[in-house]
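Working notes, structure below.
The values are calculated or read from the model by the stated rules, or taken from the named source; none is laboratory data. In this text the structure is predicted, and so the values were computed from the model without any measurement. Methodologically, a virtual Cβ is constructed for each residue, glycine included, from the backbone with ideal geometry; neighbour enumeration extends over all protein chains shown.
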Amino acid sequence: MPPPNDQFELLEEKLQKAIGLFRRNQTEKRSLEQEVAKLKSENKDRSQAISAMEKELINLRKEREDVRGRIEKLLERIELLTRHDREA
């Protein structure tokens, strides 16, 4: 069995290693927490952008249908006018 002084030194080395490991883990934890916060913020921004794009898409589709309806009415009018001209 090693002398008590050597045992104390071994214990001290183990404690220093444990403290170093703990500090590295704490630093890594803080870094990961910052990364998580950043990713959450980016995700929120992207979700808001997607929501805005979805609303714009709905509006554009509605506008396209409105334009399509107006064009169909104009084509019907043109057809009626040209039909009357042909009949006359």
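Here are the numbers for the structure shown:
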{"item": "Yes/no for L81 being aliphatic (A, V, I, L, M) and either in contact with a Pro (Cβ under 8 Å, 6 or more places away or on another chain) or at pLDDT 95 or above (or both)", "result": "no"}
{"item": "Selection status of E42, over 17 Å from the mean Cα position of the chain (by Cα), part of a helix (DSSP H, G or I) and either surrounded by 10 or more Cβ atoms within 10 Å (Cβ to Cβ) or at pLDDT 95 or above (or both)", "result": "no"}
